[in-house]
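In what follows, a structure is listed as structure tokens, so that the remarks can point back to it.
The values are calculated or read from the model by the stated rules, or taken from the named source; none is laboratory data. This one's a predicted model, so the numbers in the text were calculated from it and none came from an experiment. Heads up, the Cβs are rebuilt from the backbone with ideal geometry, glycines too, and the neighbour counts pull from every protein chain shown.
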Amino acid sequence: MNAAQRSHMQGIGLGFLAGYVDTLGFVALFGLFTAHVTGNFVLIGAILAKDAHGSIALKLLAFPAFILGVAAARLLTVAAERRGGGVLRLALLMEWVLLAGCMVCGMLAGPLTAMTQADALAMAAGLLAATAMGSHSAISRLQLSHLAPTSMMTGNVTQLVIDTVDVLRGAGDATTRARCVKCLWPLLGFAAGAGIAAFAYLALGFAALAVPLVILALLIAMEPARSKATAV
């Protein structure tokens, strides 16, 4: 597998994973955006305006959980680079463990309703998912900066439209076309994941998180266990 094929697989796989986990979290956990801090801020404002405080605790706690995931990914990256470890492999493994914990907690919590949304296991599932997606966003910035972002699609759509317009008006060059392709793959993956996740959750519950866990396992298997040490 050459570098371009690997990048395509990473972009599609991680984009699919982000769309899938974010949609499943929204459906299963009362409107929680596990990968989008902005969305949770909007929902918190809406809840406060309606004086409906039942689900606000999880959305408030999701923000520090997301930050924790970003910080943990950064610290793991620094430690792995100093020791010459496979940085991306370890970071993806951390995300796998967090998502697996989310799945287990969600399955143990059982069917979730408005009356059980404050249950400790349901809360743990949401916070583990938010932490996992925080690490996912950090991985995109730290180890996969050559790819387009895989969890925040607004920038990808904006760049894709700009570049497409330039290509159509004859002002695009090879770099512009390459950037179009780079933004397109994660966008398609995210859209596919978002479209499939809700149906998967309705059919399987939290066991549907096995899908992103398999994707992560495959991406981990693609990465070398060791790499050249880098001082940070």
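Quick notes on this one:
- Residue among ALA79, ALA71, ALA65 that is of a type outside the set (Asp, Glu), buried (at least 18 other Cβ atoms within 10 Å of the Cβ) and either touching a Lys or Arg at 6+ places or on another chain (Cβ under 9 Å) or modelled with pLDDT of 80 or more (or both): ALA65
- Failed item in (1) touching a Ser or Thr at 6+ places or on another chain (Cβ under 6 Å); (2) farther than 30 Å from VAL87 by Cα, with GLY172 passing the rest: (1)
- Sole exception among (1) touching a Leu at 6+ places or on another chain (Cβ under 8 Å); (2) touching a residue at least 40 places away in the same chain (Cβ under 8 Å); (3) under 24 Å from LEU219 (Cβ atoms); (4) hydrophobic (A, V, I, L, M, F, W, C) for ALA122, by number: (3)
- Of all the residues in the stretch 144-169, those that are under 18 Å from PHE16 (Cα atoms) and of a type outside the set (A, V, I, L, M, F, W, C) number 8.
- Residue pairs meeting the criteria (Cβ under 8 Å; at least 6 apart or on separate chains; first within 17 Å of CYS105 (Cα to Cα), in the stretch 193-210; second in a helix (DSSP H, G or I) and among the aromatic types (Phe, Trp, Tyr)): ALA208/TYR201
- Only one of the numbered conditions (1) at pLDDT below 90; (2) surrounded by 15 or more Cβ atoms within 10 Å (Cβ to Cβ) is violated by SER137, and that is (1).
- When the residues of the stretch 154-195 are filtered to those that are assigned to a loop (DSSP other than H, G, I, E, B) and surrounded by fewer than 16 Cβ atoms within 10 Å (Cβ to Cβ), the one that is modelled with the highest pLDDT is ARG169.
- Verdict on PRO212 being under 18 Å from GLY15 (Cα atoms) and either among the hydrophobic types (A, V, I, L, M, F, W, C) or modelled with pLDDT of 90 or more (or both): yes
- Residues in the stretch 106-128 that are modelled with pLDDT under 95, hydrophobic (A, V, I, L, M, F, W, C) and assigned to a helix (DSSP H, G or I): MET107, LEU108, ALA109, ALA120, LEU121, ALA122, MET123, ALA124, ALA125, LEU127.
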